1. On the basis of being not charged (D, E, K, R) and not in a loop (DSSP other than H, G, I, E, B), does ILE51 make the cut?
2. Only one residue in ILE88, ILE18, ILE11 is loosely packed, with under 10 Cβ neighbours inside 10 Å, among the aliphatic types (A, V, I, L, M) and under 30 Å from GLN105 (Cα atoms), so which one is that?
3. Check ALA102, ALA63, ALA56 and return the single one that is among the aliphatic types (A, V, I, L, M) and either free of Cβ contacts under 8 Å to residues at least 12 places away in the same chain or on the phi > 0 side of the Ramachandran plot (or both).
4. In the range 54-69, which residues are surrounded by fewer than 11 Cβ atoms within 10 Å (Cβ to Cβ) and not in a helix (DSSP H, G or I)?
5. Being charged (D, E, K, R) and under 16 Å from ILE28 (Cα atoms) is the filter here, so list the residues in the range 41-77 that pass it.
6. Could you check, for the range 104-124, whether at least one of its residues is exposed (fewer than 10 other Cβ atoms within 10 Å of the Cβ), outside any loop (DSSP other than H, G, I, E, B), at pLDDT 85 or above and small (Gly, Ala, Ser)?
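The values are calculated or read from the model by the stated rules, or taken from the named source; none is laboratory data. In this text, all values refer to a predicted model and were calculated from it rather than measured experimentally. As a convention, Cβ positions derive from the backbone with ideal geometry for all residues, glycine included, and neighbour counts pool all protein chains shown.
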Amino acid sequence: MNNQFVVPQFIDVEDKIIGPITTRQFVIVLVMFLFGTVVYKLADTALMVVINLPLAIFCLVLAFVKVNGVPFHFFLLNVLQTMKRSPIRVWNKNLSDAEIIALSQVELPPPPAPKIYKEAPPSSRLNQLALVVNTGGVYNPDEE
């Protein structure tokens, strides 16, 4: 019996609801519009512009901009997590804060000197070695 299954493809693409607009983008724009309407009703014109203009720009960037193919809200979360994380990486989690600070102030030894490589064998010797390897040891240059 031959069972065929349909394998889902393009699972990382968001569903589109209105033309090229995804559900996430629609919800962000809808919330921005509702909040802007509330500010319009409660504030005078100057205050409304001061509040709604930066909010609209931020929400449109949040909804439509992608950084390296990743939605902006994921990029923003990654930036915040990176800023929150300590710049010092410690392998031993049992170290105290004083030991971590002491380790961060230790001077590193200078890098080792570069290795000196032997010269390549002359091309005639290299050809002979290649023949020995290619023939599986049948060819022996010392017999000639």
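1. Numbers: not charged (D, E, K, R): yes; not in a loop (DSSP other than H, G, I, E, B): yes.
It is true that ILE51 is not charged (D, E, K, R) and not in a loop (DSSP other than H, G, I, E, B).
2. Within the list ILE88, ILE18, ILE11, the selection yields ILE88.
3. After applying the criteria, what remains is ALA102.
4. LYS66, ASN68, GLY69
5. Scanning the range 41-77 gives a single hit, LYS66.
6. Quick first cut of the range 104-124, residues exposed (fewer than 10 other Cβ atoms within 10 Å of the Cβ) only: 105-120, 122-124.
Keeping just the survivors that are outside any loop (DSSP other than H, G, I, E, B) gives 123-124.
Next cut, at pLDDT 85 or above only: none.
Scanning the range 104-124 turns up no residue that is exposed (fewer than 10 other Cβ atoms within 10 Å of the Cβ), outside any loop (DSSP other than H, G, I, E, B), at pLDDT 85 or above and small (Gly, Ala, Ser).
Here is a yes/no grid of residues against (1) closer than 30 Å to ASP15 by Cα; (2) modelled with pLDDT of 90 or more; (3) not β-branched (Val, Ile, Thr):
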site	(1), (2), (3)
PHE33	yes, yes, yes
LEU42	no, yes, yes
MET48	no, yes, yes
CYS59	yes, yes, yes
VAL67	yes, yes, no
PRO141	no, no, yes
